[in-house]
Ligand SMILES: *Cc1c(COP(=O)(O)O)cnc(C)c1O
C-alpha cells in the first residue's frame, strides 16, 4: 500500500496543529491515513487505498458513508435554507418529540453540540438540582473532555487524569470500579449526603466493551433513590445503537433520571443532548436556575439530520441489519480466537464489537457467550473476562496498537486505533465486508 500523500499531508498538519490532528485518538502510528471520501461501509484514503471502515466516525454513523435519500435531502434542504438563526425552528421541536416518544426516561430534552457539552451540562444540572457537589463515576468510564470526569484514582484519593485540571476540581469526583455493587454501596455509605449523581455508561464502551453484570444498574438505581441522588446514564455512544430506538436503558430495563446523548442523535453532525424527567430538565435556564446556553445548540442542519436518521431507522430494517452483522462478526472472531488465541475475549452487543487481548486463558472454554461477553456466570470464561476498566487496561494494549491494528490496516480493514475504543457495524456494511474482515482477523490474530 502506498501512503505517500497521507505522509505528506501529515507532515504539513504537524506544522500547524498539535500532533497533526484535531482529536487525539486519530494520531495513529507512524502517521494516520488521510481520508479522501467514504463509500458505503468503506473509506478511501488520499492515496486511493480502500478500507472496510468499522470506525464509523467513532460512533455517530449508523448508515455508513451513504446516507439514505430522506436523510440526505433533509440535510441539503436545511443547509440551503441558510445554516442557522439564533431563533427556534420547527425541526428541533420535532426531533425532541421523536426522542421523547421513544426513550423511556425522556420527557424533556435540551440539545447541545457535543457529548462533552452534554455531560458537562448534566453534571451541572444534577448539582443544581440536589444542591450537592460530588459525583460518582466509573474508573475507566469516559464522558468526554471535561474537568469533572477526567479524574482517576479512588473515592479516598481522586486525582486529575490530565495536566490542566485543578486537584480541587477532582476532589468532588468519586471514581469507583464498574460492576462492583459493594464499592457503590460503600461510597454511598461514606458520602451519601454529598452525592449529586452517579454518572455511568450503561455499557463501558470506551474502555474495551464491558457489559454490566446482572443487577448492577438496579443496585445503582436503588442507591440513588435511597440517598436522593440522580442516576445519569451517559448514552452518548449506546444511544440509538444498543436497544434500538429505546437505547440501552430499554434493553436493560433500568430508567435513569437523566440521559446524555450525542453521536447518532445528530445524524453525523456535531451534537449532544441532555434528556430526562421534565421536572429535572426544567432546571436549565430559562425554565430554571442552572445556566445552560449555546450559539449552535439545536442547529437546524444537525436537527434535520438527526431526526431523519431516527425516522428512517423506525421505518426500515436498520437495527436488524446492523445487529445481524455485529453478531456475525462477534461469532466469527470468537471462532478464530478459539483456534488461535483462546485467551482473547470477544466483547460487544448489538452493532458494537471488539476483541480484548486478555492475557489469561479461561479455565474452561466451554461455550457460554458465543456472541460477545455477556457476563454470564455459567460461561467458562466468567473467571477471566473483563469486568472493570482496569481489567481491560491489563490486556496486551501495545499489541493492538503497534502490531494488530497495522496488520489489519495493511489488509484493507480500518479498526479503532487502540484497544479501548469500540467498533461499529452500519447499514451500509455487507456480508462481503464481514467475510473480508474475518479473513484478515484469521491472518492477523
Ligand atoms: C464520545 C463520548 C463522549 C464525548 O462526546 P464528544 O462528542 O466526543 O464530546 C461522552 N461520553 C461517551 C460515553 C462517549 O462515548
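The values are calculated or read from the model by the stated rules, or taken from the named source; none is laboratory data. Nothing here was measured: the structure is a model prediction, and the numbers come from that model. Neighbour counts are summed over all protein chains in view; Cβ atoms, including those assigned to glycine, are modelled from backbone coordinates with ideal geometry.
Return the only residue of 349, 384 being at pLDDT 95 or above and closer than 28 Å to residue 139 by Cα.
349
How many of the residues in the range 12-56 are assigned to a helix (DSSP H, G or I) and in contact with a helix residue (DSSP H, G or I) (Cβ under 8 Å, 6 or more places away or on another chain)?
The number of residues fulfilling the criteria is 4.
Scan (1) buried (at least 20 other Cβ atoms within 10 Å of the Cβ); (2) part of a helix (DSSP H, G or I) for the single condition residue 427 breaks and write down its number.
The failed condition is (2).
Of everything in the range 186-203, what is over 17 Å from the mean Cα position of the chain (by Cα) and within 16 Å of the ligand (Cβ to nearest atom)? Give them in sequence order.
197, 198
Name the single residue that is farthest from the ligand (Cβ to nearest atom) among those in the range 141-158 being surrounded by fewer than 20 Cβ atoms within 10 Å (Cβ to Cβ) and within 15 Å of the chain's Cα centre (by Cα).
Ranking the qualifying residues of the range 141-158, first place goes to 145.
Determine, yes or no, whether residue 266 is within 11 Å of the ligand (Cβ to nearest atom), in the same structural domain as residue 113 (by TED's automatic domain parsing) and closer than 13 Å to residue 62 by Cβ.
yes
Do any residues in the range 103-125 that are within 15 Å of the ligand (Cβ to nearest atom) have Cβ atoms under 6 Å from those of residues that are at pLDDT 95 or above and in a helix (DSSP H, G or I), where the two are at least six apart or on different chains, and which pairs are they?
Short answer, once both residue conditions are applied: 112/118.
How many of the residues in the range 208-240 are in contact (Cβ under 8 Å) with a residue 60 or more places away in the chain and either within 21 Å of residue 128 (Cα to Cα) or more than 10 Å from the ligand (Cβ to nearest atom) (or both)?
Number satisfying all stated conditions: 14.
Restricting to the range 252-263, and then to whatever is away from the ligand (no atom under 12 Å from the Cβ) and in contact (Cβ under 8 Å) with a residue 12 or more places away in the chain, can you tell me which residue is nearest to residue 294 (Cα to Cα)?
Taking the candidates together, the pick is 258.
Have a look at 68, 30 and point out the one that is away from the ligand (no atom under 16 Å from the Cβ) and farther than 19 Å from residue 241 by Cα.
Of the residues listed, the single one that is away from the ligand (no atom under 16 Å from the Cβ) and farther than 19 Å from residue 241 by Cα is 30.
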